[in-house]
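Q: My questions will all concern the structure given below.
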Amino acid sequence: MTKESLIKADFYTSIILITFGVLAAVMAFQMPGFGGDDQNPYSSPGLLPGILGCLISILGLVMFVRSIVRTKGHLGISANGFKTVFTDTGTYRILATITICVLYVVLLGKLFFPILTFLFIFGFIVFFEYDLKMMFKEQIKKLIIALIVAIVGSVAIWLVFTYLFLVRLP
């Protein structure tokens, strides 16, 4: 990639980061526990995600300003350039990752945690490893590995949070 295209990529990425950071901070600070009766506000489950959301927004804003300063306000953004960014395989993979993660968050609490986590891990692995151009027989090994990783991962996460961290999961 050329220096100019990297600056454009920084510009687009900064907009996504600012949006994501603001949304994460807003959702985190809406979590229960802030300003409770006798609860310490530092023990709120939304504190760390809220801080991280704010930091992501601030760093996205820095990237946004830096991309504008480097081009002196002439980013040369065109419909064709915008189309190129959003038809790129990397952009497609990022958007797919965000979609899968948002789906996980939306379904959290509606499905039993280990089952949802299993589906998340298995789906994530299959989505990024399964090749539609290859025959199914050739990819059975990938599916078996994804199944094993998803089972072990979801059970391990559930056990660690339930019995080691003593966190009640949905």
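Q: Out of all the residues in region 123-132, is one or more over 22 Å from the mean Cα position of the chain (by Cα) and outside any helix (DSSP H, G or I)?
A: Looking for residues that are over 22 Å from the mean Cα position of the chain (by Cα) and outside any helix (DSSP H, G or I), one finds at least one in region 123-132, hence yes.
Q: Same structure again: Which condition does PHE120 not pass, out of (1) in a helix (DSSP H, G or I); (2) over 25 Å from GLY21 (Cβ atoms), if it passes all the others?
A: (2)
Q: Considering region 131-168 alone, what residues qualify as being surrounded by 14 or more Cβ atoms within 10 Å (Cβ to Cβ), without any contact (Cβ under 8 Å) to a residue 40 or more places away in the chain and either under 23 Å from PRO114 (Cα atoms) or in contact with a Pro (Cβ under 6 Å, 6 or more places away or on another chain) (or both)?
A: Pass one, region 131-168, residues surrounded by 14 or more Cβ atoms within 10 Å (Cβ to Cβ): 139, 142-143, 146-147, 149-151, 153-154, 157-158, 161-162.
When the remaining residues are screened for being without any contact (Cβ under 8 Å) to a residue 40 or more places away in the chain, the result is 139, 142-143, 146-147, 149-151, 153, 161-162.
Listed by number, the residues that qualify are LYS142, LEU143, ALA146, LEU147, VAL149, ALA150, ILE151, GLY153, PHE161, THR162.
Q: Of the numbered conditions (1) of a type outside the set (A, V, I, L, M); (2) exposed (fewer than 12 other Cβ atoms within 10 Å of the Cβ); (3) under 30 Å from PHE64 (Cβ atoms), ASP88 satisfies every one except a single condition; which is it?
A: (2)
Residue-by-condition table, conditions (1) at pLDDT below 90; (2) over 20 Å from LEU108 (Cα atoms):
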{"residue": "LYS133", "(1), (2)": "yes, yes"}
{"residue": "GLU138", "(1), (2)": "yes, yes"}
{"residue": "LYS142", "(1), (2)": "no, yes"}
{"residue": "PHE165", "(1), (2)": "yes, no"}
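Q: So which helices (runs of 4 or more DSSP H) are wholly in region 27-116 and hold at least 1 residues that are modelled with pLDDT under 70 and over 16 Å from the mean Cα position of the chain (by Cα)?
A: 79-87
The values are calculated or read from the model by the stated rules, or taken from the named source; none is laboratory data. All values reported here derive from a predicted model rather than from experimental measurement. Positions of Cβ are generated from backbone atoms using ideal geometry, with glycine treated the same way; all protein chains shown enter the neighbour counts.
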